[in-house]
Amino acid sequence: MTLKPLADKVVVKRLEAEEKTKSGIYLAPAAQEKPELFEVVAVGPGGMVDGNEVKMEVKAGDRVITGKYSGTTVKVDSEEYTIVRQGDILAIVQ
């Protein structure tokens, strides 16, 4: 099964949490903070949303930062994805 986002929606996949600190201490899985860093998997076509023209600024493969509680999490074929509006994306990481 594949996800095809509509309008200004973006499908993202969370990147892995850091397993050790900068000083070299390994963290237990419970102590690892979930990063708000995602990789874009699929992007909707944009168009008219709520009476405004939306041009999509992100593309598949971009690394982005979203708001902490943004989007809806779905599970497809044992993979976890989050669907967010483009407006919920705070920055593209380069």
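Pairs are defined by a Cβ separation below 9 Å, a sequence spacing of at least 6 or placement on different chains, a first member in region 63-80 that is closer than 18 Å to Glu16 by Cβ and touching a residue at least 60 places away in the same chain (Cβ under 8 Å), and a second member that is loosely packed, with under 12 Cβ neighbours inside 10 Å and not charged (D, E, K, R); the pairs so defined are Glu80/Thr73.
Inspection of region 53-63 finds no residue satisfying the criterion of being β-branched (Val, Ile, Thr), under 17 Å from Arg14 (Cβ atoms), assigned to a strand (DSSP E or B) and touching a strand residue (DSSP E or B) at 6+ places or on another chain (Cβ under 9 Å). Looking only at residues of region 1-21 that are modelled with pLDDT of 75 or more and basic (Lys, Arg), we find that the one that is surrounded by the most Cβ atoms within 10 Å (Cβ to Cβ) is Lys9. Checking each residue in region 64-94 for being farther than 14 Å from Arg14 by Cβ, in a strand (DSSP E or B) and of a type outside the set (A, V, I, L, M, F, W, C) picks out only Arg85. Only one entry of Pro29, Pro45 meets the criterion of being at pLDDT 70 or above and not hydrophobic (A, V, I, L, M, F, W, C), and that entry is Pro45. Hey, could you check region 36-84 for residues that are touching a Ser or Thr at 6+ places or on another chain (Cβ under 8 Å) and among the hydroxyl-bearing types (Ser, Thr, Tyr) and say which is surrounded by the most Cβ atoms within 10 Å (Cβ to Cβ)? Across region 36-84, the extreme among qualifying residues is Thr66.
The values are calculated or read from the model by the stated rules, or taken from the named source; none is laboratory data. A quick note: this is a predicted structure, and the numbers were derived from the prediction, not measured. Cβ sites come from the backbone with ideal geometry, for glycine too, and all protein chains shown count toward neighbours.
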